[in-house]
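The values are calculated or read from the model by the stated rules, or taken from the named source; none is laboratory data. These numbers come from a predicted model, not from an experiment. Positions of Cβ are backbone-derived with ideal geometry, glycine not excepted, and every protein chain shown enters the neighbour counts. Note: accessible area is taken over every heavy atom of the protein model, side chains too, but ligands, DNA and RNA are not part of it. Shrake-Rupley method; radii C 1.70, N 1.55, O 1.52, S 1.80 Å.
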Amino acid sequence: MSSIIKLGFLGIFLFITCATSNAQDNSGYATSIARDLIRPPHLKKGDTIMIVSPAGKINDRSRVDAGIELANHWGLIVFFGDHLLSESNTFAGTDAERLQDLQEALDNPSIKAIWCSRGGYGLIRIVDKLDFTKFMERPKWVIGYSDVTVLHNKLHSLGVESVHAQMPLTLKLQDPVQKESIVTLREALFGKELSYKFDSSEFNRNGKATGQLVGGNLSIVYSMLGSETDLKMDGKILFIEDVNEALYHIDRMLISLKRAGYFENCAGLVVGDFRLKKNEENGSGEFGETVEDIVLRVTEGTDFPVIFNFPAGHIDDNRALIMGSFVEMEVKDNKSKVTFK
């Protein structure tokens with residue numbers, strides 16, 4: 001056998017060995033060999049942040065006053081999209097107007113973070129028309145949740161981290177329940193370490209895992225199946241939450257993710273808050289299962305850890321999450337922990 005062929009086999013052997021060692025480290029954590037994503041520069045006092053409305057309408061500037069006050073308290077300078085208060089039926093302006101504001105925020109090099117004023121619906125109508133060329137030259141933080149999951153998934157496909165967190169419309173600065181979520185938003189944006197430890201649910205599946213955190217609002221993740229912003233789940237930790245959905249629809253969405261292979265090579269699952277739709281057809285008594293029942297049934301046959309009741313979603317205690325960041329999750333009988341690397 002020639003020396004060249006021998007070297008070729010040696011290279012293949014070393015590659016396989018490295019990949020295998022990356023798949024399981026000495027601490028027992030199942031790890032992903034996914035590449036690190038770009039982390040935008042952390043904010044500092046004097047930086048400029050732009051508030052835009054890329055989805056649902058705001059109507060009144062006072063509805064984002066809490067966000068302005070908070071940003072100014074942190075020493076940030078606040079600008080607004082030209083169509084922040086525009087209206088077009090349920091949307092904050094026409095598709096073209098919302099696209100214009102978001103594109104300006106992405107392109108403007110003086111803007112260091114983009115804070116979506118609210119969720120609702122509308123980003124999926126404009127995401128494919130956005131040009132991220134200038135954004136990729138100078139990445140910046142994009143902040144929001146709910147419908148903003150569209151942007152989180154898009155940025156993940158581009159290789160950039162983003163922040164799932166409170167938005168101006170949802171802020172209640174004097175609410176003690178929101179205190180931790182506000183603190184964690186600042187920590188995420190200004191470069192402080194994020195680590196969450198909380199009481200375990202009796203429904204949890206114990207274990208340890210590490211991987212990139214992806215996901216967001218379940219309805220939005222489900223809506224992007226088969227598109228270019230569909231998530232690739234190998235070695236990833238999936239976070240899901242939702243609001244005002246019936247149990248049968250949650251069941252349908254999770255089964256669809258299963259059929260799409262989401263749970264085959266998933267490293268872990270973090271289940272946030274699920275505020276169910278309030279009607280008589282929604283109760284687990286008629287459907288026969290709870291959210292926990294559905295999740296455990298859909299993931300039956302897998303062995304990755306599952307955390308329920310994580311403090312994030314459409315709730316006041318909506319802790320900040322750095323989407324695309326590597327996280328370690330550890331699930332035990334009494335306490336569960338999620339730490340951002």
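Solvent-accessible surface of region 137-203, averaged per residue with a 1.4 angstrom probe and all protein chains in place: 38 square angstrom.
Cα centroid separation, region 294-331 to region 192-253: 6 Å.
State whether region 265-341 is rounded, prolate or oblate according to the following rule on the C-alpha gyration tensor (a ≥ b ≥ c being the square roots of its eigenvalues): a/c under 1.5 gives rounded; otherwise a/b larger than b/c gives prolate, and the remaining case gives oblate.
Oblate, because a/c is 1.5 or more while a/b does not exceed b/c.
When only the Cβ of Lys, Arg, Asp and Glu is charged (+1, +1, -1, -1), the dipole of region 182-230 relative to its Cα centre reaches about 200 debye. Using the Cβ of residue 297 as centre and a radius below 11 Å, the other residues enclosed give a net charge of -4, where K and R count +1 and D and E count -1.
Of all segments of the chain bounded by GluC sites (Glu not before Pro) found in a DSSP loop with no more than 13 other C-beta atoms within 10 Å, the longest spans 1-192. Taken about its Cα centre, the chain carries a charge dipole of roughly 1000 debye when the Cβ of each Lys and Arg holds +1 and the Cβ of each Asp and Glu holds -1. For the residues 319, 35, 63, 275, a 1.4 Å probe over the protein chains yields an accessible-area ranking, largest first, of 35, 275, 63, 319. I want to verify a result. In a Gaussian network model of the chain, Cα cutoff 10 Å, which of these has the top mean-square fluctuation: 102, 231, 130? Per the Cα network of the chain with a 10 Å cutoff, 130 tops the list. If you take all other residues with their beta carbon under 13 Å from the beta carbon of residue 204, and give Lys and Arg +1 and Asp and Glu -1, the sum is 0. Here the accessible area is traced with a 1.4 Å probe on the protein chains. For the chain, carbon and sulfur cover 50 percent of it. Angle of helix 95-107 to the longest C-alpha principal axis of the chain, folded into 0 to 90 degrees and rounded to 10: 70°. Between the listed residues 184, 215, 116, the Cα displaced farthest toward the positive end of the dipole of the chain, a dipole computed from Cβ unit charges relative to the Cα centre, is found at 184. The dipole here belongs to region 134-293: it is taken about the Cα centre, uses +1 on the Cβ of Lys and Arg and -1 on the Cβ of Asp and Glu, and is about 740 debye.
If you plug the beta carbon distance of residue 35 and residue 278 into 1/(1 + (r/R0)^6) with R0 = 41 Å, you get a FRET efficiency near 0.45. Per residue, the accessible area of region 234-336 comes to 43 Å² when a 1.4 Å probe rolls over the protein heavy atoms. Measuring r between the beta carbons of residue 201 and residue 42 and using R0 = 35 Å, the FRET efficiency lands at 0.60.
Note on residue 228 and residue 137: the model spin-label points, each 7 Å out from Cα along the C-beta direction, lie 2.0 nm apart.
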